[in-house]
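What follows is a set of notes on a single structure, which appears directly below.
The values are calculated or read from the model by the stated rules, or taken from the named source; none is laboratory data. From a predicted model like this one, the values you see are computed outputs, not experimental measurements. We place every Cβ from the backbone using ideal geometry, glycine too, and count neighbours over all the protein chains shown. What goes into the accessible areas is simple: the full protein's heavy atoms, side chains included, and nothing from ligands, DNA or RNA. Shrake-Rupley method; radii C 1.70, N 1.55, O 1.52, S 1.80 Å.
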Amino acid sequence: MKYQPIIGLETHVELKTKSKMFCSCSADYFGKEPNTYVCPVCLGLPGALPVPNKTAIEWCIKIALALNCKISNISKFDRKNYFYPDLPKGYQISQYDEPFGLEGNIKLKTKNIRIRRVHMEEDTGKLLHANVGGKKVSLIDFNRSGVPLVEIVTEPDFENAPQVAEYLQKLQQIIRYLDVSNADMEKGDMRLEPNISLVSRISNFQFPISSENLPKYKVEVKNINSFRFVARAIEAEIIRQGELLNRDETPTQETRGWDEKKGTTVSQRSKEEAHDYRYFPEPDIPPITFGLREIRAVREQIPELPDEKRKRFEKEYGLSSHDVDILTRERSAADYYEQAVKDGSKHSLTPKKIANYIINKKPDMDKTVPGELVELILVTHQTTEVSSEELKQAVRQVLLENPKAVGDYKAGKTQVLGFLIGKVRAQLPPKSSSEGIRELIEQALK
Amino acid sequence: MNNGLNTLTIRESLEGLRNKEFSSVELTRACLDQIKKYNSDINAFLTINERAINEARRADEARENGSDSPLLGIPIALKDMFLTKGLRTTAASHVLENYIPQYDSTVVQKLKDAGAIILGKTNHDAWAHGSSGENSDFGPTKNPWNKEYVPGGSSSGSAASVAADMTIASTGTDTGGSIRLPASFTNTVGLKPTYGLVSRYGIIAMASSLDSIGHFTKTVEDSAIFLNVTAGNDPMDATTTKNKIPNHLEDLDKGVKGFKIGVPKEYFTQGLDSNIKKNIEGAIKKFEELGAEIIEISLPHTEYGIACYYIIQPSEVSSNLARYDGIRYGNDRTRFGDEAVRRIILGTFTLSSGYYEAYYKKAMQARTLIRQDFEEAFKKVDAIISPVSPTPPWELGEKVDDPLKMYLSDVYTVIANLAGIPGLAVPSGFIGDLPTGFQILGPQFSEKLLFRIGHAFEQTQERKVLEK
Ligand SMILES: [Zn+2]
């Protein structure tokens, strides 16, 4: 391909604080009767004033710290002025030039993604387009108005869609580890806005790209509500922009929306129509100072994060990175595993054995406490557990060493399966469970 | 036949009520009668509270039952910027001409809790934009002392209603002089408290970083009684102080002996009307006689005050008025009056990308310098005396076609808003048949001191009551 994509990402994360950002209304609005979680403040009634939610600010700082950001000790809110019917005050309270967090990063497998800023703002209401009495109308539900949002903005460091997907997975995992948001895409807890542009590969550049080497345009894509769609939207945009560049046209700087049905992006707003948000410091909220001690106190609340946990699990329990990935995907699962290891050590059950059991048997962690799980392993498995990797290796070897049986099986003599299972079992340590061997052989011979 | 109860002060009324000389119903009725008689002339009230007499009756019952809350049974008027639950609140603008609020502002709640009776809502320049009251969408308020003249603005109706004895006291908002200027034009006492001393919650915002919530009374003592009710932290307003609030009546009678009172030389240059100058010089002399030391001081950045104010204020106005977009409050933006439109456009311009640095940011820097001027000055003096308006009240219509001229009448008042300090306007006599006054400025949260100084001066004057 002639062009190198340059991609940056803005992610909005809705916090699951008890109350909204600037009033005491419940923030748990999802699925509730419209306009029942409202008050003068989040309705933007005349005279109403915002009072910032301390927990929301602490959680924003928690996210910023978890993303290795610097925390500004003086920060403030600003007004972002624009008109939209779901914005009752005519401005959104956000942060402009003094966000809570600056200059962080997330490490991907092969690359470092720099985080430009982490800031706090309020969510808007929601427009519902409906038919009332045979008339097409737009209705406004303000339940979501004023719910705290944290916006995480990266530098244009992504080279392709898979990197974006990996970043998002990691970000989601970190947010969930911090327990500050459900980060559920379907409920709109996480909203993604990639910006994409292409540069010719001939031009001399390398990541991270300095601002003067950035293309003269960038296209922002909105309305993306799943990780899968973000990848598709980016791919579609790369193709669309590539075609324009091939015709010697420069793509227009604009905001486009992702149309899932059509599988393309559609122009929403050009540069000429871009808002001038007329930011200025929010006079209703005094500047917020965060001393070193307060920052330390927030830092102390941060649990062990996925990367550290993975490293420790590999080292401490001697697990493969594949197994560790599964066990640490959710903080609760990792905690469950560690408790089971603790309980199991009294019965000389190895961490590896427990890991294998959890990964292969997928016990219901809500119903079986770790202690019970250990009992279960001891009672039902006098046999030795083998890891799925070991099992797969044994199957591969047996199939390789018995080409005749394989040929017979493929010719329709399925009764040789028993013979092959026996051979595989012979490869495994005595007393190993034979569960799953049949499926693995069948799969391999398909 | 008028029993004259409406001419009483808060203190006199409370005494009469406590001694059972009259009831709150009688007091309230006297005010309502006066409103009925003169409001068509003066245009001070936009809305009358039909339940006022019922509320007065309840106050009388409460007193019977032993209650003696600080304003129990005292009739007051509210500037129509103060949200009143169930009682129309218009901001004196056609945009909100039918708006009935769902909640009371914190100050209204506090006044009700203190037992005050709401007579109604007073006229003012629409959205509090103006210095004369003539920008009201419901017609100008007239100066009760001479109906050819303006009562000053923006809190025109609140000032006129107290001057004309239609009410015992009234509330106002002061963003750049909107309490102090009409007070000095109507022979009333007007307090602009320290920014953050009185909650702004539930009061229609004009310019949020400047808006101060104050009141009009007939005496300095009344002003202190009123502030004792309204001042204090409000969990609904993040900009209110967490300081403990003193009793503002304490030390009221202790005089000014030994006080150092500053007179800023920049305030007495050309542009100040010679009669006003003479009047204030008289007041200064009085203070010397009372034992205060008068010291000339300098507030070198005064000259940037108006320019600075007319950038910050419209910027915030343009943002604060954005919510009246026609979707939810009945009338749309075409119903904004000329002055509101002027400020929205001005503010939108000064905040626009590319202009923000040149205007808003510069103005904020100038604001810091103005604040520092005062900090320096208050190292040398306890309080400052200054004119309120550069001219006496002007004739109705005189400045309506010249907004800039109108803006310049705020030259002595905006500074206190930019610095966030308190100012107390005290009557100091008459120029012809029209009142004049001066203001006492002090450090942040020095209201108690201002009352003490104002009260000392007031004792040297005879209170002139409007003959009606
Ligand atoms: Zn609310």
Might you check whether a residue that is open to solvent by 10 Å² or more (accessible area, probe 1.4 Å), in a loop (DSSP other than H, G, I, E, B) and in contact with a strand residue (DSSP E or B) (Cβ under 9 Å, 6 or more places away or on another chain) occurs anywhere in segment B:365-376?
no
What's the number of the only condition in (1) open to solvent by 20 Å² or more (accessible area, probe 1.4 Å); (2) in contact (Cβ under 8 Å) with a residue 12 or more places away in the chain; (3) more than 23 Å from B:THR368 (Cα to Cα) that B:TYR304 fails to meet?
(3)
The one condition in (1) within 14 Å of chain A (Cβ to nearest Cβ); (2) assigned to a helix (DSSP H, G or I); (3) at pLDDT below 95; (4) touching a Phe, Trp or Tyr at 6+ places or on another chain (Cβ under 8 Å) that B:LEU418 fails to fulfil:
(3)
Just one of B:THR391, B:THR413 is at pLDDT 90 or above, polar (S, T, N, Q) and either in contact with a Pro (Cβ under 6 Å, 6 or more places away or on another chain) or crowded, with 24+ Cβ neighbours inside 10 Å (or both); which is it?
B:THR413
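Does segment A:409-423 contain at least one residue that is in a loop (DSSP other than H, G, I, E, B), polar (S, T, N, Q) and either modelled with pLDDT of 80 or more or open to solvent by less than 90 Å² (accessible area, probe 1.4 Å) (or both)? First the steps, then the outcome.
Within segment A:409-423, the subset in a loop (DSSP other than H, G, I, E, B) is A:411-415.
From what's left, polar (S, T, N, Q): A:414-415.
The next check asks that each one be either modelled with pLDDT of 80 or more or open to solvent by less than 90 Å² (accessible area, probe 1.4 Å) (or both); those that pass are A:414-415.
Looking through segment A:409-423, at least one residue is in a loop (DSSP other than H, G, I, E, B), polar (S, T, N, Q) and either modelled with pLDDT of 80 or more or open to solvent by less than 90 Å² (accessible area, probe 1.4 Å) (or both).
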Mind checking whether some residue in segment B:99-112 is acidic (Asp, Glu), open to solvent by 10 Å² or more (accessible area, probe 1.4 Å) and within 14 Å of another protein chain (Cβ to nearest Cβ)?
yes
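Regarding segment A:54-75, can at least one residue be identified that is within 13 Å of the ligand (Cβ to nearest atom) and at pLDDT 95 or above? Don't jump to the end; show me each part of the working.
Let us first name the residues in segment A:54-75 that are within 13 Å of the ligand (Cβ to nearest atom), namely none.
Checked against the condition, which is being within 13 Å of the ligand (Cβ to nearest atom) and at pLDDT 95 or above, segment A:54-75 yields no hits at all.
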Residue hits (segment B:336-353; within 13 Å of chain A (Cβ to nearest Cβ) and open to solvent by 70 Å² or more (accessible area, probe 1.4 Å)) are B:ILE345, B:PHE349, B:SER353
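Of all residues in segment A:17-34, which are away from the ligand (no atom under 11 Å from the Cβ), surrounded by 14 or more Cβ atoms within 10 Å (Cβ to Cβ) and not aromatic (Phe, Trp, Tyr)? Full working, then the answer.
Filtering segment A:17-34 down to residues away from the ligand (no atom under 11 Å from the Cβ) leaves A:17-18, A:28, A:30-34.
From the residues that got through so far, the ones that are surrounded by 14 or more Cβ atoms within 10 Å (Cβ to Cβ) too are A:17, A:28, A:30, A:34.
Scanning segment A:17-34 gives A:THR17, A:ASP28, A:PRO34.
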Condition test on A:GLU237, is it free of Cβ contacts under 8 Å to residues at least 40 places away in the same chain and in a helix (DSSP H, G or I)?
no
Return a yes/no flag: does segment A:274-281 have any residue that is crowded, with 19+ Cβ neighbours inside 10 Å, touching a helix residue (DSSP H, G or I) at 6+ places or on another chain (Cβ under 9 Å) and more than 30 Å from B:VAL317 (Cα to Cα).
no
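Would you point out the residue of segment A:297-332, among those that are touching a helix residue (DSSP H, G or I) at 6+ places or on another chain (Cβ under 8 Å), of a type in the set (S, T, N, Q) and under 19 Å from A:ILE175 (Cβ atoms), that is most open to solvent (accessible area, probe 1.4 Å)? Can you show your working first?
Within segment A:297-332, the first condition is being touching a helix residue (DSSP H, G or I) at 6+ places or on another chain (Cβ under 8 Å), and the residues that meet it are A:298-299, A:301-306, A:309-310, A:313-314, A:316-331.
Applying the additional criterion that residues be of a type in the set (S, T, N, Q) yields A:301, A:320-321, A:328.
Next cut, under 19 Å from A:ILE175 (Cβ atoms) only: A:301, A:328.
Working: A:GLN301: 96, A:THR328: 0 Å².
Checking each candidate, the answer is A:GLN301.
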For segment B:211-218, does any single residue satisfy the condition of being of a type outside the set (A, V, I, L, M) and either surrounded by fewer than 24 Cβ atoms within 10 Å (Cβ to Cβ) or within 14 Å of chain A (Cβ to nearest Cβ) (or both)?
yes
Positions within segment B:8-29 being more than 24 Å from the chain's Cα centre (by Cα) and either part of a helix (DSSP H, G or I) or among the hydrophobic types (A, V, I, L, M, F, W, C) (or both), in sequence order:
B:GLU15, B:GLY16, B:LEU17, B:ARG18, B:PHE22, B:SER24, B:VAL25, B:GLU26, B:ARG29
A:ALA48 vs. criteria open to solvent by less than 30 Å² (accessible area, probe 1.4 Å), in contact with a Lys or Arg (Cβ under 6 Å, 6 or more places away or on another chain) and within 16 Å of the ligand (Cβ to nearest atom)
no
Please find, among B:SER389, B:SER318, the residue that is hydroxyl-bearing (Ser, Thr, Tyr), under 22 Å from B:GLY133 (Cβ atoms) and out of contact with any Lys or Arg (no Cβ under 6 Å at 6 or more places or on another chain).
B:SER389
If the requirement is being in contact with an Asp or Glu (Cβ under 7 Å, 6 or more places away or on another chain) and surrounded by fewer than 24 Cβ atoms within 10 Å (Cβ to Cβ), which of these qualifies: B:LEU408, B:LEU396?
B:LEU396
Considering residues that are within 14 Å of chain A (Cβ to nearest Cβ) and not aromatic (Phe, Trp, Tyr), the number found within segment B:181-210 is 13
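So for segment B:15-23 (the condition being within 14 Å of chain A (Cβ to nearest Cβ) and either open to solvent by 30 Å² or more (accessible area, probe 1.4 Å) or in contact with a strand residue (DSSP E or B) (Cβ under 8 Å, 6 or more places away or on another chain) (or both)), does at least one residue qualify? Show your work before the answer.
Restricting attention to segment B:15-23, the residues satisfying the condition of being within 14 Å of chain A (Cβ to nearest Cβ) are none.
For segment B:15-23, residues within 14 Å of chain A (Cβ to nearest Cβ) and either open to solvent by 30 Å² or more (accessible area, probe 1.4 Å) or in contact with a strand residue (DSSP E or B) (Cβ under 8 Å, 6 or more places away or on another chain) (or both): absent.
Select, from A:LEU127, A:LEU139, A:LEU168, the only residue that is open to solvent by 30 Å² or more (accessible area, probe 1.4 Å) and in contact with a Ser or Thr (Cβ under 8 Å, 6 or more places away or on another chain). Step through it out loud before you land on a result.
Working: A:LEU139 fails: in contact with a Ser or Thr (Cβ under 8 Å, 6 or more places away or on another chain); A:LEU168 fails: open to solvent by 30 Å² or more (accessible area, probe 1.4 Å).
On inspection, the qualifying residue turns out to be A:LEU127.
Going by what's in this entry, would B:ALA91 be described as closer than 23 Å to B:LEU14 by Cβ and hydrophobic (A, V, I, L, M, F, W, C)? Talk me through it step by step, then tell me what you get.
On the way: closer than 23 Å to B:LEU14 by Cβ: no; hydrophobic (A, V, I, L, M, F, W, C): yes.
The answer is no for B:ALA91.
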Looking at (1) within 26 Å of the chain's Cα centre (by Cα); (2) within 14 Å of another protein chain (Cβ to nearest Cβ); (3) at pLDDT below 95, can you tell me which one A:PRO5 breaks?
(2)
Report whether or not A:VAL230 is surrounded by 15 or more Cβ atoms within 10 Å (Cβ to Cβ), without any contact (Cβ under 8 Å) to a residue 60 or more places away in the chain, in contact with a Phe, Trp or Tyr (Cβ under 9 Å, 6 or more places away or on another chain) and in the same structural domain as A:ASN112 (by TED's automatic domain parsing).
no
Being within 15 Å of the ligand (Cβ to nearest atom) and either open to solvent by 30 Å² or more (accessible area, probe 1.4 Å) or without any contact (Cβ under 8 Å) to a residue 40 or more places away in the chain (or both) narrows it down to one of A:ARG144, A:ARG116, so name that one.
A:ARG144
Going by what's in this entry, would A:CYS39 be described as of a type outside the set (D, E, K, R), within 16 Å of the ligand (Cβ to nearest atom) and in contact (Cβ under 8 Å) with a residue 40 or more places away in the chain?
no
